[in-house]
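Working notes, structure below.
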Ligand code: 2NF
């Protein structure tokens, strides 16, 4: 007998990336075997299963950090002190920079960030399948969706693990150079550990040919400075940091 099932709910966001599981597995093997073989053995089969288990058969609007804990425990990968690079509204430039500076790491240069970057996923409580039709949009449907909660959780750990001088690439060509609602502004800044982070170094980059030249003294960057001051973390800021500026020219 075929049981009638309600159709999967129609959300406002894009559905799960086609072949999500295979992509996650492939990226896990690529990262552990080719990108960073020095990391030692990681069980990609187990990691892939823990990833999908975190959200399958669950309400995609009630995702929690706990859902992702088993996955987090399988993918522990601290970054060396002084080598963490955060970014906000500057994804491409930050990643161009770590491609040149192979000793520095954005979240997407660590295993979990590498596996998940650019993908979309969600499940459905009435089914053990992924929902390939639609997933909750974080602005229009719900903020605690499986996708956003994942990024909040991994971003939080990435910031908690950071030590020494930590860096951030910010976009000086938009009004909210520092955006308090972004992952960097909401999650990462508040999860830096003052007892092991000596300083946050911001690099505020302007688009080539843009007229603005001093965003370090803008009010949004000053907000960031004040938040860090309250958290006893030293802040320094440089406009158009040379080594990144060069990358904007190619
Ligand atoms: O997709 C990623 N690789 C990703 C997503 C979210 C956060 C990476 N992160 C980590 C990185 F490590 C960076 O240090 O956080 C930092 C960047 O996040 P941000 O929010 O500060 O920077 P944006 O340029 O504003 O956003 C990055 C992407 O995430 C989306 C946003 O639309 C953009 O595509 N995003 C931001 N917040 C949410 C949210 N709550 C979100 N998507 C879903 N839910």
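Report, in degrees rounded to the nearest 10, the 0 to 90 angle that the Cα long axis of helix 20-29 makes with the longest principal axis of the chain.
50 degrees
Mind checking the full-extension length gain between residue 102 and residue 82? Use 0.36 nm per residue of separation minus the Cα-Cα distance, one decimal, nm. Walk me through the numbers on the way to the answer.
On the way: separation 20, 0.36 × 20 = 7.20 nm, distance 1.31 nm.
Once the chain is fully extended between residue 102 and residue 82, it gains 5.9 nm.
Cut-off is 10 Å between beta-carbons; in what order do 210, 90 appear when sorted fewest neighbours first? Spell out each step's value before the answer.
Working: 210 12, 90 24.
Ordered by Cβ neighbours within 10 Å, fewest first: 210, 90.
If you stretched the chain out fully between residue 199 and residue 229, how much longer would it get, using 0.36 nm times the residue separation minus the C-alpha to C-alpha distance? Don't jump to the answer; show the numbers that get you there.
Numbers: separation 30, 0.36 × 30 = 10.80 nm, distance 1.05 nm.
Contour length minus Cα-Cα distance gives 9.8 nm.
Counting alpha carbon pairs within less than 8 Å and at least 6 residues apart, what relative contact order, in whole percent, applies to the chain? Working shown, then result.
Numbers: 420 pairs, mean separation 55.4, N = 250.
Averaging sequence separation for qualifying contacts and normalising by length gives 22 percent for the chain.
For the pair residue 14 and residue 186, how long in nm is the line joining their label points, each one 7 Å along Cα→Cβ?
1.9 nm
Arrange the following residues from fewest to most other Cβ atoms within 10 Å of their Cβ: 99, 186. Before the final figure, lay out the partial values.
Numbers: 99 11, 186 15.
Listing 99, 186 from fewest to most nearby Cβ atoms yields 99, 186.
Take 87, 4, 11 and order them by how many other Cβ atoms sit within 10 Å, fewest up front. Before the final figure, lay out the partial values.
Values: 87 26, 4 4, 11 21.
Neighbour counts put them in this order, fewest first: 4, 11, 87.
Treating the angle as unsigned and between 0 and 90°, give the value, to the nearest 10°, between the Cα long axis of helix 44-53 and the longest Cα principal axis of the chain.
Between helix and principal axis, roughly 80 degrees.
Anyone know which of 40, 209, 123 comes out most mobile in the 10 Å Cα GNM of the chain?
Comparing 40, 209, 123 in a Gaussian network model of the chain, the most mobile one is 209.
Where does each of 229-241, 131-143 land if you order them by average Cβ count within 10 Å, highest first?
In decreasing order of mean packing, 229-241, 131-143 become 131-143, 229-241.
Where does the chain land at 222 nm, in deg cm²/dmol rounded to the nearest 500, when only DSSP H runs of n ≥ 4 count, each adding -39500 (n - 2.57), divided by all residues?
-9000 deg cm²/dmol
Taking the Cα atoms only, what angle lies between the long axis of helix 146-161 and the longest principal axis of the chain, rounded to 10 degrees?
Here the helix axis deviates by roughly 40 degrees.
With the crude spin-label approximation of a point 7 Å out along Cα→Cβ, what separation in nm comes out for residue 57 versus residue 91?
3.2 nm
How much length would be gained if the chain were fully extended between residue 222 and residue 45, taking 0.36 nm per residue of separation minus their Cα-Cα distance, in nm to one decimal? Could the numbers behind the result be given before it?
On the way: separation 177, 0.36 × 177 = 63.72 nm, distance 4.54 nm.
Result for the pair: 59.2 nm of gain on full extension.
Rule-based calculations on the coordinates, nothing more; no lab input. Remember, it's a predicted structure, so these values are computed and weren't measured experimentally. Here Cβ is always computed from backbone atoms with ideal geometry, including for glycine, and neighbour counts include all displayed protein chains.
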